[in-house]
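Only one structure is covered here, and it is reproduced in the block below.
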Amino acid sequence: MTERGQLIAERLKAQLGADAFSAWFQTANIELTDARVTVTVSTQLAANIITRNYADDVKAAASHIAGAPVSVAVVAHGQKAPIDVAPIEKILRAVAPDDAQRDFFIPELSELALKDDVHLMEMTPFTLDRRKEVRTELVYTTRQGVTIRVKAIGDHSLPTIDDYDLVLMMQTWLADLANQYRSQLERYEAEKKAGRSPATPTAPPRMFDISISEVVKFKRRKWGGAISEDILGSLDRLWNAEVVVDPMKGTKYRGGKFRLVGSAYEKLAETNTGAATRIRVAVPDWIYAGIVERAVPMLKTFNRDYMILSQPLHRALYRFLSLKVPKDGTPYSLSLVELAERFQAKQQQKYFNRDLKKAVAGCPDGRLLEFRLELIGKGDDRALRAWRPLQVE
């Protein structure tokens with residue numbers, strides 16, 4: 001094993017613990033070449049188990065040592081063609097050498113859903129154009145006839161897909177606290193039944209306090225430029241964007257309005273030059289109710305590399321496909337016309353089709369993280385087909 005392979009092995013052992021490392025990696029050979037780490041083990045069974053259960057851990061350890069995203073291959077002795085189990089870095093941006101981030105959870109906006117399961121993930125509540133957006137409203141009407149509008153208030157700009165990362169971060173933080181709270185409630189009830197007098201658990205706070213450095217780490221960014229100013233600008237756009245769900249004609253549903261964050265930001269700490277180092281923003285009621293107060297919160301799990309997909313269109317595709325594509329390998333198809341509507345494309349259809357074709361072609365072997373993509377049909381019948389390949393046992 002090379003020196004870098006040994007460093008990866010040591011980091012893996014620290015991540016997994018001695019028992020798991022000894023069971024699956026003790027006799028493995030780990031090699032890091034270019035932007036790929038290859039783990040060679042004695043049997044195909046071991047290769048399959050590591051592929052299914054430890055590929056993300058291998059990727060995290062190797063990316064830390066390499067200082068950049070790497071792909072992962074796990075092979076049995078004697079195999080010539082390695083099996084890639086992580087996305088090729090062609091569609092990913094570089095990360096900081098100390099990059100580390102756990103998986104995060106995106107709750108479905110079920111508290112806003114109708115009985116026919118319409119919610120905000122059906123569309124992009126942000127613009128994909130980071131610099132040239134001139135619109136002040138995004139509008140999408142579902143097949144059920146529900147119209148969802150995202151409006152910029154006053155002279156503010158619409159939020160961007162990068163701004164929306166802060167909404168994801170808030171949901172992640174709150175989901176983690178809500179899980180802890182539910183565990184505490186279970187212990188509380190058990191102790192009460194046992195005749196003891198336990199302290200009543202405290203519900204998660206409705207204020208989101210976070211440091212700028214924690215935001216940078218969550219977004220998997222490198223320090224540089226006016227980071228603090230950029231984050232405050234994102235929060236400003238999120239607060240000044242109103243989501244409106246129009247009433248449904250012929251029903252008792254009255255629609256509703258909400259903000260993407262619950263308040264304007266507040267600086268809690270700053271440098272001697274006035275740059276914010278810690279900030280606070282309120283959690284909006286729709287997020288709090290959906291994550292904390294709902295008996296069984298509905299959570300969508302995003303791949304940790306979602307944050308480093310370099311193209312906005314790739315990120316929008318991943319977010320939408322996470323909602324729509326079944327986990328049993330069944331393909332999901334959608335016309336490019338409807339996809340343009342869901343993504344709030346401002347260009348003509350033929351130009352959206354061109355951009356989407358480039359985006360799909362840019363995915364190595366049609367892979368967008370765990371999804372596989374292909375374009376089918378011709379002309380007005382052009383569609384995107386996506387599926388999740390089943391793991392080989």
Taking segment 310-325 and keeping only residues that are touching a strand residue (DSSP E or B) at 6+ places or on another chain (Cβ under 7 Å) and in a loop (DSSP other than H, G, I, E, B), one is left with Ser310, Val325
### Message
Quick check on segment 163-171. Is at least one of its residues crowded, with 18+ Cβ neighbours inside 10 Å, part of a helix (DSSP H, G or I) and either touching a Pro at 6+ places or on another chain (Cβ under 8 Å) or in the same structural domain as Phe320 (by TED's automatic domain parsing) (or both)?
### Response
yes
Counting only residues in segment 340-369 that are assigned to a helix (DSSP H, G or I) and basic (Lys, Arg), the one nearest to Arg149 (Cα to Cα) is identified as Arg342
Residue pairs within 7 Å by beta carbon, gap of at least six or interchain, first lying in segment 277-294 and without any contact (Cβ under 8 Å) to a residue 40 or more places away in the chain, second β-branched (Val, Ile, Thr), listed first then second, are Pro284/Val261
Of the residues in segment 185-208, those that are of a type in the set (Lys, Arg) and either within 30 Å of the chain's Cα centre (by Cα) or within 20 Å of Val292 (Cα to Cα) (or both) come to Arg187, Arg206
Taking the criterion of being hydroxyl-bearing (Ser, Thr, Tyr) and at pLDDT below 95, would at least one residue in segment 325-333 satisfy it? yes
Per the list (1) more than 30 Å from Ala345 (Cα to Cα); (2) among the aromatic types (Phe, Trp, Tyr); (3) in contact (Cβ under 8 Å) with a residue 24 or more places away in the chain, residue check on Tyr140 breaks on (1)
Subset of segment 43-72, residues of a type in the set (Val, Ile, Thr) and either within 21 Å of the chain's Cα centre (by Cα) or part of a helix (DSSP H, G or I) (or both), comes to Ile49, Ile50, Thr51, Val58, Ile65, Val70, Val72
Counting only residues in segment 8-46 that are among the β-branched types (Val, Ile, Thr) and surrounded by 13 or more Cβ atoms within 10 Å (Cβ to Cβ), the one farthest from Gly78 (Cα to Cα) is identified as Ile8
Of the residues in segment 227-246, those that are assigned to a helix (DSSP H, G or I) and not β-branched (Val, Ile, Thr) come to Ser228, Glu229, Asp230, Leu232, Gly233, Ser234, Leu235, Asp236, Arg237, Leu238, Trp239
Of (1) among the aromatic types (Phe, Trp, Tyr); (2) in contact with a helix residue (DSSP H, G or I) (Cβ under 9 Å, 6 or more places away or on another chain); (3) more than 26 Å from Phe258 (Cβ to Cβ), Tyr188 fails just (2)
Going by what's in this entry, would Thr127 be described as under 18 Å from Glu338 (Cα atoms), of a type in the set (S, T, N, Q) and not assigned by TED's automatic domain parsing to the domain that holds Ala316?
yes
Per the filter on segment 343-375, residues surrounded by fewer than 12 Cβ atoms within 10 Å (Cβ to Cβ) and at pLDDT 90 or above are Gln348, Lys350, Lys358, Ala361
From the option list Ala190, Ala175, Ala226, Ala194, single residue qualifying as small (Gly, Ala, Ser) and in contact (Cβ under 8 Å) with a residue 60 or more places away in the chain is Ala175
Filtering segment 3-52 down to residues that are over 16 Å from His64 (Cα atoms), among the hydroxyl-bearing types (Ser, Thr, Tyr) and touching a strand residue (DSSP E or B) at 6+ places or on another chain (Cβ under 9 Å) yields Thr27, Thr40, Ser42, Thr43, Thr51
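The values are calculated or read from the model by the stated rules, or taken from the named source; none is laboratory data. Predicted model, so just to flag it, every value in this text is computed and none were measured. Methodologically, a virtual Cβ is constructed for each residue, glycine included, from the backbone with ideal geometry; neighbour enumeration extends over all protein chains shown.
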